[in-house]
Every structure is written in structure tokens, then in C-alpha cells.
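The structure appears below as C-alpha cells.
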Amino acid sequence: MAGKELNATAAALLGLLHEGSMTGGQLMSEATRRLGPFWTMTRSQVYRELPALAEVGYVRVGKPGPRASVPYTISASGKRAFAKWINEESGIGQLRDPVALRTAFAHHMTPSALSDMYKDAIEYHNEALNDVKNRAKDLAADDAGAATAMDFAIGYHKAAITWLKSRQK
């Protein structure tokens, strides 16, 4: 990572560590709570990035606690790397949706399988929309930026529901 730009996962971890020291498990929980509806991170990504961030000096590794959990703290150089990353051009995101992908090949599906797929996806997006709205409310009081980012997830789920309903016959 030294001499290279931060990848999005590493940058997200540094951003979360601005709040204080956290273990890998705590970082995973916080990432799910604050970023989950619009940015996924796997446990393996978190545990792969933390040693890399420590190796380049962006985080300090604390003493192991209960169950060998290790706290990580952002360093001054980590704060500088994060500040550089957050102020760079963000680039354009790419959407990967399995229902849209299958729809591209819908002529290979049975009508009932296609209908069931749309029905299940509408149910999923309705549940996710309600969850994201609740998360946005919970975050509004203490983290306006994270709450505002939830607006993206809210818009995404609303758009998906509208599109899916237009596909139903």
C-alpha cells in the first residue's frame, strides 16, 4: 500500500477509525451499520486490510484483549492518507444487480420463474427500504453525513421497486 492510493475498503476503515480505536469485529459492525445499505464490506476484506494499514503505518495495533481481539487506532499518517483520499475525485460507481442481469437473459426463464424473481425482489427491496429509512432516522441525530448517504440507498430501493413493478405483467 505504501506509495499507492488507498483502496475504498482501506479508506472506509480509516474513516471509521476517526471515531476511536476499534477491533476488527467492531469495525465490521460499524461498517454494516453506517455503510451497509450502500457499500458492502466482507469480514475477510476488513481482516486483510487492517494488517496492510498497520504495515504502512496508517494504523497502530494495540494489545490483544479478550478473545485475542486487537484494537486498531488511526495514526497521524493514516489521517493524512484518509484526508487525501476523501478530497480526491471519487470516480463513478458501478451497479451490479443480479435481478437486472437475469432480466437481460429473461427469454431463457420460464414465465413463472421470472414472475417469482420479480415478486421476491420487490419484497426484498420493500424490506430493505424500511430498514434503510430506520437507519437514516437513527443516524440523523449523531451522524448527519451517514444519514445523508442513506438517502442514496433509499433512492436506490425506491427506483428498484418502481422498475420491478413495471416488469410485472
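Just a few scattered comments:
- Any pair with Cβ under 8 angstrom, 6 or more apart, that starts in segment 66-82 at a residue that is without any contact (Cβ under 8 Å) to a residue 60 or more places away in the chain and ends at one that is of a type in the set (A, V, I, L, M, F, W, C) and open to solvent by 60 Å² or more (accessible area, probe 1.4 Å): 70/61; 71/61; 72/61
- Failed item in (1) under 30 Å from residue 118 (Cβ atoms); (2) open to solvent by 60 Å² or more (accessible area, probe 1.4 Å); (3) of a type in the set (A, V, I, L, M), with residue 99 passing the rest: (2)
- You will find that of 150, 117, the residue that is touching a residue at least 12 places away in the same chain (Cβ under 8 Å) and within 26 Å of residue 19 (Cβ to Cβ) is 150 and no other.
- Here residue 25 fulfils each of the conditions (1) out of contact with any strand residue (DSSP E or B) (no Cβ under 9 Å at 6 or more places or on another chain); (2) open to solvent by 30 Å² or more (accessible area, probe 1.4 Å); (3) part of a helix (DSSP H, G or I) apart from (2).
- Filter result (over 22 Å from residue 8 (Cα atoms) and either part of a loop (DSSP other than H, G, I, E, B) or in contact with a Pro (Cβ under 6 Å, 6 or more places away or on another chain) (or both)) within segment 84-122: 105, 109, 110
The values are calculated or read from the model by the stated rules, or taken from the named source; none is laboratory data. Predicted model only: the values in this text are computed from it and were never measured. All Cβ positions, even for glycine, are placed from backbone atoms using ideal geometry, and neighbour counts span all protein chains on display. SASA here: full protein model, heavy atoms, side chains in, ligands and nucleic acids out. Shrake-Rupley method; radii C 1.70, N 1.55, O 1.52, S 1.80 Å.
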